Amino acid sequence: MATDSTDAPTGELWQMIYVGVVLIVMFAVLIYDKIGADMVMLAALTACMAGQIITIQEGVAGFANVAVLTVVILFVVAAGMQVMGRLDWYAAKLLGINIS
């Protein structure tokens, strides 16, 4: 009786289930919108590193990517604009709403 070559070894099966659970929880928390997206993403990354799905070097290597740094900078700029109230002004300008 030959075994099917598409069966995942048990070592990979728990990793797939683990990552699936992490993703489902991450999306649920993002939809619930009580915790910031940055904290949710870092928690998911930390969970994957704690479960040894990825190594610590692989986990932090993404922060050296120019695209990731650009998005981080945009988050910082957007947060500053929101605190100053300029984000509402730009949104109203874009939507054509008159704000006094």
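The values are calculated or read from the model by the stated rules, or taken from the named source; none is laboratory data. Computed from a predicted model, the values in this text were never measured in an experiment. All Cβ positions, glycine included, derive from the backbone under ideal geometry; neighbour counts span all protein chains shown. Ligands, DNA and RNA are stripped out before the accessible areas are found, and what is left, the full protein with its side chains, is counted by its heavy atoms. Shrake-Rupley method; radii C 1.70, N 1.55, O 1.52, S 1.80 Å.
So here's what we get for this one:
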{"item": "Single condition ASP4 does not satisfy, out of (1) modelled with pLDDT under 80; (2) open to solvent by 100 Å² or more (accessible area, probe 1.4 Å); (3) of a type in the set (Asp, Glu)", "result": "(2)"}
{"item": "Extreme residue, farthest from the chain's Cα centre (by Cα), among residues of segment 11-36 that are in a helix (DSSP H, G or I) and β-branched (Val, Ile, Thr)", "result": "ILE17"}
{"item": "Matching residues, segment 55-71, being modelled with pLDDT of 90 or more and within 22 Å of GLU12 (Cα to Cα)", "result": "THR55, ILE56, GLN57, GLU58"}
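Residues are listed down the side, and each one gets a yes or a no for (1) closer than 30 Å to TRP14 by Cβ; (2) part of a helix (DSSP H, G or I):
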{"position": "MET39", "(1), (2)": "yes, yes"}
{"position": "ILE53", "(1), (2)": "yes, no"}
{"position": "VAL76", "(1), (2)": "no, yes"}
{"position": "TRP89", "(1), (2)": "no, yes"}
